[in-house]
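Let me begin by presenting the structure, written as structure tokens, before commenting on it.
The values are calculated or read from the model by the stated rules, or taken from the named source; none is laboratory data. Keep in mind that this is a model prediction, so the values were computed, not measured. FYI the Cβ positions are ideal-geometry reconstructions off the backbone, even for glycines, and counts take in every protein chain you see.
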Amino acid sequence: MTEEDLDQDTSNAFRKSLEEHFGCLDDYRRQGSIRYRLIDILFITICAVISGANDLKAVAMYAQRKRRWLTSTLALEDDVPSYTTFWTIFVLLSPVALEQCFVQWVRSKIGANTPDGHNVSIDGKAQRGTAKKGEPHSFVHIVSAWAATHNLTLGQLKVDGKSNEITAIPKLLDMIDVAGATITIDAMGCQTAIAEKIVDKSGDYVLALKGNQGHLSDEVENYFVQAEQIDFEGVLCNAVGSKHCAHGRIEMREIYITEDIDWLQQKEEWKNLKSLIMVKSERIIPGRSTSTERRYYISSLSADALRVANIIRGHWGIENCVHWILDVAFREDEQNANAGNIAENMSMIRRLSLNLLKQEKTAKCGIEIKRQMAGWDDEYLLKVLGVKSFS
């Protein structure tokens, strides 16, 4: 078998995977005027985004520059799709249907590679460039689920602003596989209904506490304040600490977790509530300043401070490993396309592309360089597309 045959096999396998998981998508174009299959347009868009395209104009330009390769790979009868074709597809394509297909595609790639006790972080991200003129808060807001174990986006949903994450999170939990996972959510998701949903789906939770939970937040904070005042003497707590020195700073972190919750007035409202957590963070810049922050959580996990410390630390991976990369490497916050469903659908394509780029591990470089490599070298692009499973 020649190298060209191997390349064709790789692209065919990826297209087959798209057909299998995205072939059910409805094509809302006028049937009599369709020249390019929806799956082929998705294939081109994914290749373009992997290769450095950040918006649909760049996708169309990529298609023109890669015309010979694409017409050969996809066996297109004539030219490649125009910008208008890409625009029409992504304006009309149902983002809910696309997201459901994405979840199934990721699940097929992970397969049996998900260990019990894996961590899933849920967090929201604003695409500020999509705000309409004169309406600075009208930007698209996406809530996504990220698997720390695999460093992968599992699914996402669009919401109408930060406050509506509360209604979107249960729907997102219904889309993904929660069984055996520990779900971490910031204070916006600290709701009794969300905790119940997680437990009913055979998962565990670690939920951040803030003022939005009123008396519960105050009671947990007061418990740990009093415990600190007596240096935790006689307090049933499991604790672990860490110290990191970098960039002229010393960062110290202490995690305290207790199963002493019988006194808590609201404990019966939170399904399977087992523990209360305090994270005390201290940042020292020698000779200049010291700052201390305390954060509080509730959890269905037992009092294992080391495990919980790793889970809470891992939650912020969604910021560093997804949101930051989308803004820096994919320039997502700069994208201003807000017609129809473009913003939400392209957000999904970026996350799909990011998943593939992260799982291609032969190139020891960052995502931005990997995208450039895919644009320069079709063989490397095929290597990214050829990732068979997510480990």
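Across the range 7-41, what is the total count of residues that are buried (at least 21 other Cβ atoms within 10 Å of the Cβ) and among the polar types (S, T, N, Q)?
The number of residues fulfilling the criteria is 1.
Yes/no per residue for (1) farther than 12 Å from Gly189 by Cβ; (2) part of a loop (DSSP other than H, G, I, E, B):
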| site | (1), (2) |
| --- | --- |
| Ser121 | no, no |
| Gly124 | no, no |
| Ile142 | yes, no |
| Ala145 | no, no |
| His150 | yes, yes |
| Gly155 | yes, no |
| Glu165 | no, no |
| Ala168 | no, no |
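For Glu268, which of the numbered conditions (1) farther than 23 Å from Asp204 by Cβ; (2) in the same structural domain as Glu228 (by TED's automatic domain parsing) fails to hold?
(1)
Within the range 281-299, is even one residue polar (S, T, N, Q) and not in a strand (DSSP E or B)?
Scanning the range 281-299, I find no residue that is polar (S, T, N, Q) and not in a strand (DSSP E or B), so the answer is no.
Among what's in the range 193-247 and is among the small types (Gly, Ala, Ser) and part of a helix (DSSP H, G or I), pick the residue that is surrounded by the fewest Cβ atoms within 10 Å (Cβ to Cβ).
Among those that are among the small types (Gly, Ala, Ser) and part of a helix (DSSP H, G or I), it is Gly211.
Can you name the condition, by its number, that Arg107 falls short on among (1) within 25 Å of Glu334 (Cα to Cα); (2) assigned to a helix (DSSP H, G or I); (3) touching a residue at least 24 places away in the same chain (Cβ under 8 Å)?
Of everything listed in (1) within 25 Å of Glu334 (Cα to Cα); (2) assigned to a helix (DSSP H, G or I); (3) touching a residue at least 24 places away in the same chain (Cβ under 8 Å), Arg107 misses just condition (1).
State all residues of the range 244-264 that are over 28 Å from Asp218 (Cα atoms) and over 28 Å from the mean Cα position of the chain (by Cα); if no residue qualifies, say none.
Cys245, His247, Gly248, Arg249, Ile250
Do you know which residues across the range 36-56 are outside any helix (DSSP H, G or I), touching a residue at least 40 places away in the same chain (Cβ under 8 Å) and either under 18 Å from Ala343 (Cα atoms) or among the small types (Gly, Ala, Ser) (or both)?
Ser51, Gly52, Asn54, Asp55
Of everything in the range 170-188 that's part of a helix (DSSP H, G or I) and modelled with pLDDT of 90 or more, which residue is surrounded by the fewest Cβ atoms within 10 Å (Cβ to Cβ)?
Once the filter is applied, the top-ranked residue is Asp174.
Consider Thr184 carefully, then state whether it is polar (S, T, N, Q) and under 20 Å from Glu259 (Cβ atoms).
Criteria met by Thr184.
Kindly list, by first and then second residue, each pair from a residue in the range 242-258 that is closer than 22 Å to Glu228 by Cα to a residue that is aromatic (Phe, Trp, Tyr) and surrounded by 12 or more Cβ atoms within 10 Å (Cβ to Cβ), limited to pairs with Cβ atoms under 8 Å and residues at least 6 apart or on different chains.
Every condition considered, the pairs that remain are Tyr256/Phe224; Tyr256/Phe232; Thr258/Tyr223.
Looking at the range 325-343, can you tell me whether even one residue there is without any contact (Cβ under 8 Å) to a residue 60 or more places away in the chain and either touching a Cys at 6+ places or on another chain (Cβ under 9 Å) or of a type in the set (Phe, Trp, Tyr) (or both)?
no
Restrict the check to the range 160-168 and report whether at least one residue is touching a strand residue (DSSP E or B) at 6+ places or on another chain (Cβ under 8 Å), in contact (Cβ under 8 Å) with a residue 60 or more places away in the chain and surrounded by 14 or more Cβ atoms within 10 Å (Cβ to Cβ).
no
For the range 254-268, does any single residue satisfy the condition of being part of a strand (DSSP E or B) and at pLDDT below 95?
Among the residues of the range 254-268, at least one is part of a strand (DSSP E or B) and at pLDDT below 95, which makes the answer yes.
Look through the range 42-78, keep the residues that are buried (at least 16 other Cβ atoms within 10 Å of the Cβ) and among the polar types (S, T, N, Q), and return whichever of them is nearest to the chain's Cα centre (by Cα).
Asn54
To keep it simple, each residue is scored yes or no on (1) crowded, with 22+ Cβ neighbours inside 10 Å; (2) touching a helix residue (DSSP H, G or I) at 6+ places or on another chain (Cβ under 8 Å).
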{"site": "Ile342", "(1), (2)": "yes, yes"}
{"site": "Met348", "(1), (2)": "yes, yes"}
{"site": "Lys364", "(1), (2)": "no, no"}
{"site": "Ile367", "(1), (2)": "no, yes"}
